[in-house]
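Visitor: This structure is in structure tokens; I'll ask about it shortly.
The values are calculated or read from the model by the stated rules, or taken from the named source; none is laboratory data. None of these values were measured; they are calculated from a predicted model. Ideal geometry is used to build each Cβ from the backbone, glycine not excepted, and the neighbour counts take in all protein chains shown. Side chains included, ligands, DNA and RNA excluded: accessible areas come from the protein's heavy atoms. Shrake-Rupley method; radii C 1.70, N 1.55, O 1.52, S 1.80 Å.
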Amino acid sequence: MNKENENIEKEELMKMAPTLFSLERINNLKAPEGYFSNLADSVIERIDSEVPSGYFEGFADKVMDKIEKEETKVVPIQNRNITRVISIAASIAAIFIIGFLLNQKDVDTQIASNKTYLEDLTASELDEAMDYNELDELICYVDFEEDFNEESYLENNINDIDLDFTSEEIDEYLSSDYYLDVEF
Amino acid sequence: MQLSDQEIVAQIKSGKDANKAFRDLIEKYQERLYWHIRRMVVNHDDTDDVLQNVFVKTWKGLANFREDSNLYTWLYRIATNESITFINKKKKENNIPIDDESYHLHAGQADYLMGCDEIQEKLEKALLTLPEKQRAVFHMKYYEDMKYTQISEAVGTSVGALKASYHIAVKKIETYLTEN
């Protein structure tokens, strides 16, 4: 952090939290004596029992082998039989065009039928239809709730910061110039 | 002479003296990661478990680690995620709701605050009122003087959200210090 930013942050802290600012920044917590001199041994012992020995031996060779294998799989297109490629592409295009035309016909028919259906609906039938849609949404929601798995949700969301701010806190934060001043 | 992060990673991946290089990595980062985790999980034994898991995961994950990435923030990220997973697991085991932030108050608070003078003890108590991740953000900014961009990579949150989170943490601590 450059000196200027450091000063801005200090000044902000002094304004925002004078008591905290006046305290000495020391770590009050203690680790047991000798803990850090033995940690590497304990970890390596655990790794030896959990990870196959020689895991990284020849690792670079394995990676290079993999890269080479992947490269050999890619055959330049100009080396292939060009006529064969064109005929396959033309067949695929034909399938898509026919499919699209058939589908378009279905869509047109459906729009026309929906139009007639909506014109014939009474007000009460429309209300019913609305209720049905709401019910449908509710069913989707219940299904989602049932499928919801707390464990996997937590696994996937552990990176979300705790943003449990009250609206007063947000107002106060936005009205301060703190978030504008500090460069990072 | 201490090896650079790139040298350590390259040496481990080459397989030559991998164990020795990994020991260098542990010795280089163990204290910083310990305090980062300890701020979140509070008690020493739990911190030890989490920290060992972090290094085991680091060893297993180094094979896929891109050498142009920042080892320092990658380690912090693993440590943050491991700590939060551990805390949530503990809460579940003790039938405490995941969003209950007061669980650590049951986890040996007396030991945690031993040897502090009165005002520092108050600061430690104030820190315990913050949610775990906000406490970690406060620790990285206030005690370790890390840049917001580094913290952002370490906890996987946007810089804007982090600044807001730190700002609110500071306000809460100040209120606690002045009102209690």
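Visitor: How would chain B be classified by its alpha-carbon gyration tensor: rounded, prolate or oblate, with rounded meaning a/c under 1.5 and the a/b versus b/c comparison settling the rest?
Guide: Numbers: a/c = 1.99, a/b = 1.73, b/c = 1.15.
It is prolate, given that a/c is not under 1.5 and a/b is the larger ratio.
Visitor: Calculate the mean, over all residues of peptide A:35-44, of how many other protein chain Cβ atoms lie within 10 angstrom of the residue's Cβ.
Guide: Values: counts 7, 5, 2, 0, 9, 9, 2, 5, 13, 8.
Per residue, the number of nearby Cβ atoms from other chains is 6 on average.
Visitor: A further question follows. Considering only protein heavy atoms and a probe of 1.4 Å, how much of the accessible area of the stretch B:110-180 is carbon and sulfur, as a whole percent? The partial results should precede the final answer.
Guide: On the way: 1150 of 2400 Å².
Answer for the stretch B:110-180: carbon and sulfur cover 48 percent of the accessible area.
Visitor: Within a 10 angstrom radius of each residue's Cβ in B:167-179, how many Cβ atoms of other chains show up on average? Whole number is fine.
Guide: Values: counts 11, 9, 3, 7, 8, 2, 4, 7, 2, 2, 6, 4, 0.
Per residue, the number of nearby Cβ atoms from other chains is 5 on average.
Visitor: List, in order, the whole-Hz ³J(HN,Hα) value for each residue of the stretch B:12-26 obtained from phi through the Karplus relation with A = 6.51, B = -1.76, C = 1.60 and θ = phi - 60°; use x for Gly and Pro.
Guide: Taking θ as phi minus 60°, the curve returns 5, 5, 6, x, 8, 6, 4, 4, 5, 5, 5, 4, 4, 4, 4 Hz for the stretch B:12-26.
Visitor: Continuing with this model, one more query. Check residue B:146: other-chain or 5+ apart residues with amide H under 5 Å from its amide H, H built from backbone geometry?
Guide: Result for residue B:146 returns B:141.
Visitor: What net charge is computed for the residues neighbouring residue A:35, neighbours being all others with C-beta under 10 Å from the C-beta of residue A:35, Lys and Arg scored +1, Asp and Glu -1?
Guide: Neighbour charge sum, excluding residue A:35 itself: -2.
Visitor: For residue B:130, enumerate residues with amide H under 5 Å from its amide H, sequence gap 5+ or separate chain, H modeled in the peptide plane.
Guide: So residue B:130 has HN proximity to no qualifying residue.
Visitor: Now for a different question. Need one number: buried accessible surface between chains A and B, 1.4 Å probe, both sides summed, DNA, RNA and ligands left out, in Å² to 100.
Guide: On the way: alone 17800 and 10230 Å², together 21920 Å².
Approximately 6100 Å², summed over both chains.
Visitor: For chain B, what does the helix formula give at 222 nm: sum of -39500 (n - 2.57) over DSSP H segments with n ≥ 4, over the residue count, nearest 500 deg cm²/dmol?
Guide: Numbers: 9 runs with 126 residues, N = 180.
Calculated at 222 nm, the ellipticity per residue is -22500 deg cm²/dmol.
Visitor: Leaving out same-chain residues fewer than 8 places away, which lysines sit with a Cα under 22 Å from that of residue B:141?
Guide: Of all the lysines, those that pass the test against residue B:141 - Cα under 22 Å, at least 8 places apart if same chain - are A:3, A:10, A:15, A:30, B:28, B:122, B:125, B:133, B:163, B:171, B:172.
Visitor: Then there's this: Where does helix B:44-61 land angle-wise versus the long Cα axis of chain B, in degrees 0 to 90, nearest 10?
Guide: So the helix axis and the longest Cα principal axis differ by about 30 degrees.
Visitor: Pull out a ≥ b ≥ c, the square roots of the eigenvalues of the alpha-carbon gyration tensor of the stretch B:1-98, then state rounded if a/c is under 1.5, prolate if not and a/b is larger than b/c, and oblate in the remaining case. Working shown, then result.
Guide: On the way: a/c = 2.60, a/b = 2.19, b/c = 1.19.
Prolate is the answer for the stretch B:1-98, as a/c is 1.5 or above and a/b outweighs b/c.
Visitor: Please turn the phi angles of the stretch B:126-137 into ³J(HN,Hα) values with the Karplus equation 6.51 cos²θ - 1.76 cosθ + 1.60 (θ = phi - 60°), one per residue in order, whole Hz, x for glycine and proline.
Guide: Once rounded to whole Hz, the list reads 4, 4, 5, 7, 7, x, 3, 6, 5, 5, 5, 4.
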